[in-house]
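Only one structure is covered here, and it is reproduced in the block below.
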Amino acid sequence: MNSCMRCGRCCTQFAVCVTPFDIVRIAKAANLNPLDSVQAIPEPPARERNEPAVLIDGQMSLIVLAWKSERVCTFYSPAGCTIYPHRPLLCRTYPFVRGLQDVRHRACPEMWAPSRKAKRQYLADLRKYNREVKKYTAIAKEWNSKGGGSLAEFVQFILTTNYY
Ligand code: SF4
Ligand code: SF4
């Protein structure tokens, strides 16, 4: 199998981290209040990726896509992702983590063998993802150094930052 079967497992079993860049893109493209698409969860002790933790209400937290029920992404529908063209980079690059040899199969049932064109796209998205996580790390450092705040204040902070 060389492409996503859209089985939805990765949309219904995980916390999907988002960067400020994803949040802004989704809000603009889907005409959403950015606060409606995200939530903060306590930073877990271990995880696959490198999104920074941010201080929300006094707790180091990860900013993830909002859930409509436990671990079910708010944008998930049985017919598919309701924001598919604007989905976060983590969704675009799943199940690859650092490169196309580095596949995590915790949820994905597929044996991936992307076409040459799909490989180029995955690698471009992974590069973009890594660039944006690096900038997000700087944003998080600045936010945390100010003592953090509520999720609403964090969203306001990322909307007014100069990192774009
Ligand atoms: S944004 Fe779309 S692709 Fe990403 S987890 Fe949610 S439903 Fe799945
Ligand atoms: S688990 Fe794998 S096959 Fe299923 S939707 Fe996610 S990426 Fe696609």
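The values are calculated or read from the model by the stated rules, or taken from the named source; none is laboratory data. Note that the structure is a prediction, hence the values are computed from the model and not measured. Glycine gets a Cβ as well: all are built from the backbone with ideal geometry, and neighbour counts include every protein chain shown.
Annotations for the structure displayed:
- Cβ pairs under 6 Å, 6+ apart, first in segment 82-93 and under 12 Å from V64 (Cα atoms) and aliphatic (A, V, I, L, M), second within 7 Å of ligand 1 (Cβ to nearest atom) and outside any helix (DSSP H, G or I): L90/V16
- Residues that are under 20 Å from E132 (Cβ atoms) and within 11 Å of ligand 1 (Cβ to nearest atom), drawn from segment 1-37: C10, F14, A15, V16, C17, V18, D22, I26, A30, S37
- Within segment 1-47, the residues that satisfy the criterion of being assigned to a loop (DSSP other than H, G, I, E, B) and touching a helix residue (DSSP H, G or I) at 6+ places or on another chain (Cβ under 8 Å) are N2, S3, V16, V18, T19, L32, N33.
- Listed conditions (1) modelled with pLDDT of 95 or more; (2) more than 13 Å from the chain's Cα centre (by Cα); (3) away from ligand 2 (no atom under 16 Å from the Cβ); (4) of a type in the set (A, V, I, L, M, F, W, C) are all met by A30, apart from (1).
- Pairs, first farther than 16 Å from C81 by Cα in segment 30-42, second of a type in the set (F, W, Y), C-beta under 7 Å, six or more apart: Q39/W67
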